[in-house]
Structures are given as C-alpha cells and as structure tokens.
Amino acid sequence: MKTIYAVACYYDESDYPEDTTLLGWNNNHDWFDTDSYIDDILTQKGNFKKVHNGLITVDRWTAVYVGKTIDDVKSYAEDANEEGIEAVVVKIEIIDGEIKVIPQE
C-alpha cells in the first residue's frame, strides 16, 4: 500500500478517483492551481512521483501540495477555502493498483 495526503478541490465522493482535482501552485500565475489530477502525480507504473519539499511537480510551472500527514497539507486547504476554493484534505491510497481517495476531517 502506498499513501499520501493532498488537498482535493470541489471534491465529490461520487466521482471516480481519477476525476479528483488536486490543489497546487502555479508559478506562472503566482496563484493556486486547480487543474491537476491524481494521474498528474503518478508515474507510468502507478506509483507516486518523487516529493520535493512537500510538492510533486506536474509541469514546468505547476506543482501539487502533498504530505505524509494531514498536518503537512491542512494549512493549504484552509488558505484555499479562505480564497473561495472549496478544498478538503484527502488521503490517497494505492492498493494493488487501485486508487482510493478518502476525505479527512
């Protein structure tokens, strides 16, 4: 089992895990990014990409906030909510190749 914590935007438990939008930062726009998905933080083999300073790089300009614990990403969710982005901390698990997204309180 592989586990990581992230911030989901506009999360709906009825969505497929692959449709979960993740909160990140876009250096080009100097603002939150809400255009990244779980597939953007996975390698071709279905593992999480490398984490550097609490971020997984998506592309040249964008990175997604991630952590080993809820506390690692909780403040990003709070900041996003203050800016009008509906955000919730989620635990993302990969078990035998199946992705599970579990909202945290």
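The values are calculated or read from the model by the stated rules, or taken from the named source; none is laboratory data. Here the structure is a predicted model, which is why all the values come from computation and not from measurement. Counting neighbours? That spans all protein chains shown, and the Cβs are built from the backbone with ideal geometry, glycine included.
Val73 - would you say it is closer than 24 Å to Asp96 by Cα, touching a Gly at 6+ places or on another chain (Cβ under 9 Å) and buried (at least 17 other Cβ atoms within 10 Å of the Cβ)?
Here the answer is no, as Val73 does not meet what is asked.
Residues in the range 21-42 that are touching a residue at least 60 places away in the same chain (Cβ under 8 Å) and polar (S, T, N, Q): there are none.
Considering only residues in the range 46-61 that are more than 12 Å from the chain's Cα centre (by Cα) and closer than 16 Å to Asn26 by Cβ, the one that is surrounded by the most Cβ atoms within 10 Å (Cβ to Cβ) turns out to be Trp61.
Residues that are part of a helix (DSSP H, G or I), within 15 Å of Lys2 (Cβ to Cβ) and out of contact with any helix residue (DSSP H, G or I) (no Cβ under 7 Å at 6 or more places or on another chain) within the range 13-66 comprise just one, Ile41.
For the range 12-37, taking the residues that are surrounded by 13 or more Cβ atoms within 10 Å (Cβ to Cβ), within 12 Å of the chain's Cα centre (by Cα) and at pLDDT below 95, the one that is farthest from Pro103 (Cα to Cα) is identified as Asp19. Go through the range 43-57 and give me each residue that's touching a residue at least 12 places away in the same chain (Cβ under 8 Å) and within 15 Å of Glu18 (Cα to Cα). Of everything in the range 43-57, those that are touching a residue at least 12 places away in the same chain (Cβ under 8 Å) and within 15 Å of Glu18 (Cα to Cα) turn out to be Gly46, Asn47, Phe48. Give me the pairs, please: first residue somewhere in the range 8-20 and within 19 Å of Glu105 (Cβ to Cβ), second residue anywhere and in a loop (DSSP other than H, G, I, E, B) and aliphatic (A, V, I, L, M), beta-carbon distance under 6 Å, and either six or more positions apart or on two chains. Correct list of pairs: Cys9/Ile85. The set of residues in the range 67-101 being assigned to a helix (DSSP H, G or I) and touching a residue at least 60 places away in the same chain (Cβ under 8 Å) consists of Ile70, Asp72, Val73, Tyr76, Ala77, Ala80.
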